[in-house]
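All remarks here apply to the structure that follows.
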Amino acid sequence: MRAPDFWFSPPQSPDWRAKLLTPLSQLTRIATAHRLRQTGHRLDVPVICVGNINAGGTGKTPTVIAVVERLQARGLVVHIVSRGHGGTLAGPVRVDPAHHTADATGDEPLMLATFAPTWIAKDRAAGGRAAVAAGAQVVVLDDGHQNPALHKDLTLIVVDAAKGFGNGRCLPAGPLREPLHTGLARGDLVLSIGAPQDQDSFRQRWGQMITLPHMTGALVPRVTDVDWAALSVVAFAGIGHPEKFFDTLRALGANMRHTEALADHQPFTPALLDRLQAKADDLGACLVTTEKDAVRLPEAVRKRTLCLPVQLQISDDTCLRRALDALPLPAA
């Protein structure tokens, strides 16, 4: 489901639908507060949580990868624990990209497993214990800021700079999983992801509320051998903010013949894929999608679809490096 537009109406003049739904937001606050009373299980290794306060996509997956790569550069054995949104596996089970499908694991864990050992676990504590038993020296928790099952040694809160925290209201009146002040109070670092102009707007609107160390970053294409400027493309994406993916392709010079914005994690039905392929054939274009979407495609479709991978580029990661230095990490 796509986030409704009224979630991002100005906080000072909320949409009438946000006002109407605000009494129901109290239920979200109560449920989250009740859940967070639980004491998290403490693992024998540090746990780093990459989470958010907003519902929907904020850039957590590339942030997890960026954190994992920094830890691996220190010579550490890093495992990822994920809930496996949309997958059928309850776990804990280690993701095997050679055998598992996105239907079983969810798309994000399948992609993350190409960077580090990744575990699916609805019970995050059980997933963390399985990772440690398999040799993990540090566990990176994909999402889970509102899940208290594991004690977190470091929590990085990710937010989309363009969307910010929306209208500042909790679900269903707004995009927040919990009140902003309580979510920030349990964090250690904030990372806003977006273009410079969006970062400026984010600081103006939310800067006074953020007392945590604040980093900024952007998603940039990973280097590939594809000459995007020479291609006509039909682009499709089922991520939190498909428009950002389309803007990236435009910036690379791709001739955008048609774009298809899908809901986050939207299933690829045969009818949808046939329609996209027919559109590409009619326009003399090739299909292109995101790395996260590509892992969900049937193999035959994946072979004829280009993928544009992106990576997180942090402007200044000094506070992240200091936070990692402060953790009880084993010597490499």
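The values are calculated or read from the model by the stated rules, or taken from the named source; none is laboratory data. All figures in this text were calculated on a predicted structure; none of them were measured in a lab. Please note: Cβ atoms are built from the backbone with ideal geometry, for glycine as well, and neighbour counts cover all protein chains shown.
So, Arg321, is that one assigned by TED's automatic domain parsing to the domain that holds Asp160 and of a type outside the set (S, T, N, Q) or not? Talk me through it step by step, then tell me what you get.
Values: assigned by TED's automatic domain parsing to the domain that holds Asp160: yes; of a type outside the set (S, T, N, Q): yes.
Judged against the criteria, Arg321 is a match.
Leu287 - would you say it is modelled with pLDDT of 95 or more, surrounded by 17 or more Cβ atoms within 10 Å (Cβ to Cβ), in contact with a Ser or Thr (Cβ under 8 Å, 6 or more places away or on another chain) and outside the structural domain of Glu69 (by TED's automatic domain parsing)? In short, yes. Are any of the residues in the stretch 273-281 surrounded by fewer than 20 Cβ atoms within 10 Å (Cβ to Cβ) and at pLDDT below 95? Within the stretch 273-281 (the criterion being surrounded by fewer than 20 Cβ atoms within 10 Å (Cβ to Cβ) and at pLDDT below 95), the answer is no, since none of the residues qualifies.
Pairing residues of the stretch 220-236 that are surrounded by fewer than 16 Cβ atoms within 10 Å (Cβ to Cβ) with residues that are of a type in the set (D, E, K, R), at Cβ distances under 9 Å and at least 6 apart in sequence or on separate chains, gives Arg222/Glu291; Ser232/Arg257. Of all residues in the stretch 34-56, those satisfying the criterion of being modelled with pLDDT under 95 and touching a Pro at 6+ places or on another chain (Cβ under 9 Å) are Arg35, Leu36, Arg37, Gln38, Thr39, Gly40, Asn54, Ala55, Gly56.
Name the residue, out of Thr22, Thr28, that is touching a Cys at 6+ places or on another chain (Cβ under 8 Å), of a type in the set (Val, Ile, Thr) and either surrounded by fewer than 23 Cβ atoms within 10 Å (Cβ to Cβ) or assigned to a loop (DSSP other than H, G, I, E, B) (or both). So that I can check it myself, show each step before the final result.
Numbers: Thr22 fails: touching a Cys at 6+ places or on another chain (Cβ under 8 Å).
The match here is Thr28.
Might you let me know whether the stretch 261-284 holds any residue that is closer than 25 Å to Pro196 by Cβ and not assigned by TED's automatic domain parsing to the domain that holds Asn52? Checked against the condition, which is being closer than 25 Å to Pro196 by Cβ and not assigned by TED's automatic domain parsing to the domain that holds Asn52, the stretch 261-284 yields at least one hit. The residues of the stretch 15-31 that are in contact with a helix residue (DSSP H, G or I) (Cβ under 8 Å, 6 or more places away or on another chain), closer than 22 Å to Trp206 by Cα and not aliphatic (A, V, I, L, M) amount to a single one, Asp15. The set of residues in the stretch 100-133 being surrounded by fewer than 21 Cβ atoms within 10 Å (Cβ to Cβ), at pLDDT below 95 and either of a type in the set (Ser, Thr, Tyr) or outside any loop (DSSP other than H, G, I, E, B) (or both) consists of Thr101, Asp103, Ala104, Thr114.
Taking first residues from the stretch 314-332 that are within 17 Å of Asp44 (Cα to Cα) and partners that are polar (S, T, N, Q), the Cβ contacts under 6 Å between residues at least 6 apart in sequence or on separate chains come to Pro330/Gln137. Of everything in the stretch 134-154 that is within 20 Å of Gly240 (Cβ to Cβ) and assigned to a strand (DSSP E or B), the residue that is modelled with the lowest pLDDT is Asp142.
State whether one or more residues within the stretch 310-320 are within 21 Å of the chain's Cα centre (by Cα), at pLDDT 90 or above and of a type in the set (D, E, K, R). Give the derivation first.
So the first thing to find is which residues in the stretch 310-320 are within 21 Å of the chain's Cα centre (by Cα), and the list is 310-317, 319-320.
Of the ones still in play, those that are also at pLDDT 90 or above are 310-317, 319-320.
The next check asks that each one be of a type in the set (D, E, K, R); those that pass are 316-317.
Among the residues of the stretch 310-320, at least one is within 21 Å of the chain's Cα centre (by Cα), at pLDDT 90 or above and of a type in the set (D, E, K, R), which makes the answer yes.
Within this structure, Arg17 passes the test of being among the basic types (Lys, Arg) and outside the structural domain of Ala185 (by TED's automatic domain parsing). For the stretch 87-96, state whether one or more residues are at pLDDT 95 or above, in the same structural domain as Leu176 (by TED's automatic domain parsing) and surrounded by fewer than 21 Cβ atoms within 10 Å (Cβ to Cβ). Yes, because at least one residue in the stretch 87-96 is at pLDDT 95 or above, in the same structural domain as Leu176 (by TED's automatic domain parsing) and surrounded by fewer than 21 Cβ atoms within 10 Å (Cβ to Cβ).
Just give me the residues in the stretch 181-195 being closer than 18 Å to Gly59 by Cβ, at pLDDT 95 or above and of a type in the set (A, V, I, L, M, F, W, C), in sequence order.
If we filter the stretch 181-195 for residues that are closer than 18 Å to Gly59 by Cβ, which is where we start, we get 183-184, 187-195.
Narrowing further to those that are at pLDDT 95 or above: 183-184, 187-193.
Passing the criteria: Leu184, Leu189, Val190, Leu191, Ile193.
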